[in-house]
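Beneath this line is the structure, given in structure tokens, with notes to follow.
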Ligand SMILES: Cc1cc2nc3c(=O)[nH]c(=O)nc-3n(C[C@H](O)[C@H](O)[C@H](O)COP(=O)(O)OP(=O)(O)OC[C@H]3O[C@@H](n4cnc5c(N)ncnc54)[C@H](O)[C@@H]3O)c2cc1C
């Protein structure tokens, strides 16, 4: 029997970016908050310090900061006619499993998603007509607007120390920034990072071709910085060990050195590590949750933590898994297209070319997570006419480097032998002379891409694994071909000695190799309980004292990395919860 | 550094072991302990030669296979010493004998199905078990084809075997060839480019090959200073900075 603990105001499941933000905001507001985190505490001082953190084998190859698939994983398949099999080790995506979550080992690219996402169906239907959107593409409006979210984007950008250049402040288009972005109320908190050669060369090529390059905004502090909460950042050292590593300089905006230590100072906050939430409990009416059940993974002991409000902050796919395990909301059925939990799971696509320039020195070991120049001409540029290309969505293209270390990154021209003297000579010759241009593309929701519980495989707690059914559809293939063509044209205009051209991802999605930890959907926000699991405040339509925070709430996936809106929505939800506790009940 | 003496030395050592085992002289592990062995034909090796590998996981056949493999894939030339001089065999042995080799973080519950390539690794084997079975199957193929195990065939034959493995043309029976090969390839690259604390990349020769500075921490000033210029690197590893 689980030991029943004393009730608290708020229990938070998972202490990464969203859990950290909510822990800080809600303790600030005087609530008693307990955070339950499956991982352990790691700190910059004792864990992410030099030299030990500079270990590609440990952090990149062996996934030291990431979820342990021996204990819990997913099953995967491309479509319903296949049998899903367990992802036996990590590959395509790498969710975190320490205090700070994936927010410790992310790269920090931080974008503001705009109404082009939030109003996707209305905008495309209005401009291109209803039939432009394929029948099986289940995109829908989000029920939120950019204007509502703007102050919260601003807040997250200041918390996480985003370096960048505004392209649009209150409607004024500014040189050097992204001219297509939606109006922001003010500049980024920090100037852009120092450009590296690869990003400069891409910038020149894109500008010469009439496009609009800008430095990619990212949570790598371009100089020492103190955020509005008083958290201190060092200046980024361009050490080249960003993605998948904790930052030794505290220059990467991460919850473990910002919001979490602030929450920890409050007597109203308690963190329980090594504690795995297996279930959110409901009351007899099924209209409210009563708290969570968790297992102490150090000894197997089970506890029940009652709470007036429960927040799922366990990372997008983990939140969906918990909803399914707890039986909250109706599971999505792709055949009848009814139900909501598991619906609209999305991922991202992409294409990349490697360009070799004899005689140049790219120093690929010298970069920040966000050392990248980008263009948005094929993404949030609404003037880009999709009609001739027949796809919904877009892609952002960038040139630069992010954490390319030698076990994983040794570019050679296609056709080079894989071993022996010729391989070695080519590896030595080209390593310094290569750069990449890559695109990250949106994935529109499709009725056949979804999450549910696996009928066969179980996790270490004896609970069903979550099953992921996902593949790229024709819409993404078309966009991928457009992106690959654009990349190859741009690359050729740069006159490389040789290049490995970009190709569209048209093969089935695979669970290896790494693609991105940008999983979205599964418990989406919306305006109608029949077609969404959450309202615009990420409040469960079914149980009004449950909020499900993270990219699980996104009805589709854009070309951008997710954490800008994930962080903004966490702040937005915090404000909603502050209103909620005064008068509990549905906020919509 | 010369190639031959080390090779002779290795072969000599292994032949000694084989005979010893066959003759029942050394039935216990103590008698096989590496320090004692190192004294055997070691006189032939030049003084500055890398120390004889002491293995914790690989058995004699596997040692011979892995040494031949890494020296074929990473031959000595003006760019780097050969694979065993880089300690790649030592790296592989330790990786297989350690947590990763024993299946740390690997979901190991059945049922076991072959599945689609896109579903990733699906064998009921730890990396160490896969390596062991893969070496055995590759050696069986070599004996069938050349009447000798992989370590005894010549360089052209070895090249053919590696091409056969990497293209999946060699059939390893129950084992999916590509799965074995990608694991082998991955570990060789790790042994060449991981930090030297793991036993490979000896002398940081892998990093020197490409000009990777290693555990270097501070590049803030260097981004502008060395933009499009060669960066002078004498790489540092974790041990150099500890
Ligand atoms: C390698 C990598 C690079 C990335 N780069 C970028 C980038 O450049 N830009 C960008 O926007 N995003 C990036 N991301 C994604 C970004 O990290 C996430 O969007 C963000 O961290 C999500 O915040 P979260 O709070 O939802 O989840 P997380 O920050 O992952 O936190 C979830 C926490 O919940 C815990 N947890 C999970 N299940 C349970 C349970 N059952 N019980 C208790 N605790 C549990 C986990 O251990 C974890 O600590 C990257 C991610 C990775 C892995």
- [ ] Please work out which one of (1) within 16 Å of the ligand (Cβ to nearest atom); (2) surrounded by fewer than 24 Cβ atoms within 10 Å (Cβ to Cβ) is the condition residue A:558 fails and give its number.
- [x] (2)
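If you take just the strands (runs of 3 or more DSSP E) that sit entirely in segment A:300-374, which of them hold at least 3 residues that are away from the ligand (no atom under 16 Å from the Cβ) and away from chain B (no Cβ under 14 Å)?
Per the criteria, A:302-312, A:349-356.
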- [ ] Within segment A:72-102, count every residue that is within 12 Å of the ligand (Cβ to nearest atom) and more than 8 Å from every other protein chain (Cβ to nearest Cβ).
- [x] 12
TODO: Scan (1) touching a residue at least 24 places away in the same chain (Cβ under 8 Å); (2) within 7 Å of another protein chain (Cβ to nearest Cβ); (3) in contact with a strand residue (DSSP E or B) (Cβ under 9 Å, 6 or more places away or on another chain) for the single condition residue A:105 breaks and write down its number.
DONE: (2)
- [ ] Could you check residue A:54 against (1) in a strand (DSSP E or B); (2) crowded, with 21+ Cβ neighbours inside 10 Å; (3) more than 15 Å from the ligand (Cβ to nearest atom) and say which number it fails?
- [x] (1)
Open item on the list: I'm told residue A:403 meets every condition in (1) away from the ligand (no atom under 16 Å from the Cβ); (2) out of contact with any helix residue (DSSP H, G or I) (no Cβ under 7 Å at 6 or more places or on another chain); (3) assigned to a loop (DSSP other than H, G, I, E, B) except one. Can you identify the failing condition by its number?
Closed with: (1)
- [ ] Being at the interface with chain A (Cβ under 8 Å from one of its Cβ atoms) and crowded, with 19+ Cβ neighbours inside 10 Å is the filter here, so list the residues in segment B:173-210 that pass it.
- [x] B:188, B:189, B:190, B:193, B:194, B:195, B:198, B:206, B:207, B:209, B:210
Open item on the list: Condition check: free of Cβ contacts under 8 Å to residues at least 12 places away in the same chain and touching a strand residue (DSSP E or B) at 6+ places or on another chain (Cβ under 7 Å). Does residue A:45 satisfy that?
Closed with: no
Task: Single unsatisfied condition, residue A:69 versus (1) within 15 Å of the ligand (Cβ to nearest atom); (2) crowded, with 22+ Cβ neighbours inside 10 Å - done: (2)
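Within segment A:248-272, how many residues are within 11 Å of chain B (Cβ to nearest Cβ) and surrounded by 24 or more Cβ atoms within 10 Å (Cβ to Cβ)?
Summing the residues that are within 11 Å of chain B (Cβ to nearest Cβ) and surrounded by 24 or more Cβ atoms within 10 Å (Cβ to Cβ) in segment A:248-272 gives 1.
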Task: Subset of segment A:537-548 [closer than 15 Å to residue A:144 by Cα, part of a loop (DSSP other than H, G, I, E, B) and touching a strand residue (DSSP E or B) at 6+ places or on another chain (Cβ under 6 Å)] - done: A:538
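Taking residue A:542 as the residue in question, decide whether it is more than 16 Å from the ligand (Cβ to nearest atom), more than 19 Å from residue A:17 (Cα to Cα) and in contact (Cβ under 8 Å) with a residue 12 or more places away in the chain. If you could, list the steps in order and put the result at the bottom.
On the way: more than 16 Å from the ligand (Cβ to nearest atom): yes; more than 19 Å from residue A:17 (Cα to Cα): yes; in contact (Cβ under 8 Å) with a residue 12 or more places away in the chain: yes.
Here the answer is yes, as residue A:542 does meet what is asked.
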Task: Residues located in segment A:415-471, provided they are over 27 Å from residue A:87 (Cα atoms), free of Cβ contacts under 8 Å to residues at least 60 places away in the same chain and either away from chain B (no Cβ under 14 Å) or in a loop (DSSP other than H, G, I, E, B) (or both) - done: A:415, A:416, A:417, A:418, A:419
Open item on the list: For the condition within 14 Å of chain B (Cβ to nearest Cβ), near the ligand (Cβ under 10 Å from one of its atoms) and under 21 Å from the mean Cα position of the chain (by Cα), what is the one hit in A:39, A:20, A:16?
Closed with: A:39
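A short reminder: the numbers here are calculations on the coordinates, not readings from a lab. Since this is a predicted model, take the numbers as computed values, not measurements. Neighbour counts run over all protein chains shown; Cβ positions are idealised from the backbone, glycine included.
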